[in-house]
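Have a look at the structure below before the remarks.
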Amino acid sequence: MRIIKYYLKIIIFKLLSFGLFTKLYHIYFNLTAYRRIREEKYFISSKVTLEKHIFPIIDELLSKNKNLNLLDVGCGPDIFNNVLIYDKYSDKVNQTITDKFPKLNEKIYTNSFKYLAGNNLNFKKENFFKINHFKSRDYTKNKISKKYDLLISIYVIEHFNKIELDYFLKNIKDAAKKYIFIINFTDQFFLDRWKEKNDIYKFKYLQYSDFLWNIINSKFLYQSRNRI
């Protein structure tokens with residue numbers, strides 16, 4: 001049954017790659033955005049990643065300036081990153097949050113705040129939307145017009161094809177004082193096959209021939225084999 005499930009997944013994504021079906025999928029994606037919320041262990045994982053790789057750089061920048069402007073090219077692991085940055089730094093960090101899909105659904109952020117439990121939940125949420133702003137922008141096609149103190153991108157650029165990556169790397173040149181890229185080396189297509197922390201299926205994509213990988217891969221969950 002599990003194998004059949006993956007065959008169906010591959011076939012459906014391939015069908016969605018054709019013109020009209022692609023547009024219908026984007027409509028569906030945006031209408032159902034409010035339902036996409038990760039579980040608590042994913043929230044904890046995001047928190048650990050930020051504490052280890054992002055917060056120290058923000059602290060360094062804030063030691064020299066009272067405030068900083070941050071561009072998140074994403075959106076990476078859902079919305080937890082931005083909520084956690086806001087929770088720690090409040091109005092000290094002004095976040096510009098971007099994604100190639102139309103304006104991110106406020107419901108996703110609202111759900112994310114439930115992991116920051118407490119009496120000030122509504123206050124935090126309201127101020128989050130006052131301080132930070134969102135852009136429906138694909139920076140593999142659109143120029144970055146403003147300079148930022150920090151540019152971050154978490155679990156995103158491994159989904160760029162070569163043309164997109166080349167444009168993106170040229171686009172971000174001189175766009176920020178510092179850059180942080182966190183890349184996922186695992187096979188996201190078969191995510192729910194993983195059984196253990198070091199499961200070999202996490203890196204299964206490296207074992208496929210180019211021909212077979214081109215069949216499995218799709219633009220809806222495109223994974224570059226050049227990420228390493």
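Quick look at the values:
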{"read-out": "Filter on Lys52/Lys177; Lys66/Lys177; Lys66/Lys130; Lys114/Lys135; Lys41/Lys141 - keep pairs with C-alpha separation over 22 Å", "value": "Lys114/Lys135; Lys41/Lys141"}
{"read-out": "Backbone HN-Hα couplings from phi across the range 140-149 [Karplus 6.51/-1.76/1.60, Hz, Gly and Pro as x]", "value": "8, 9, 10, 6, 8, 9, 10, 9, 10, 6"}
{"read-out": "For Asp187, distant residues with modelled amide H under 5 Å away", "value": "Phe203, Lys204, Tyr205"}
{"read-out": "Spatially proximal aspartates and glutamates relative to Lys202 (Cα-Cα < 15 Å; intrachain offsets below 8 disregarded)", "value": "Glu158, Asp187, Asp192"}
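Only the coordinates and a few stated rules stand behind these numbers; no lab work does. Quick caveat, the model's predicted, so the values are computed rather than measured.
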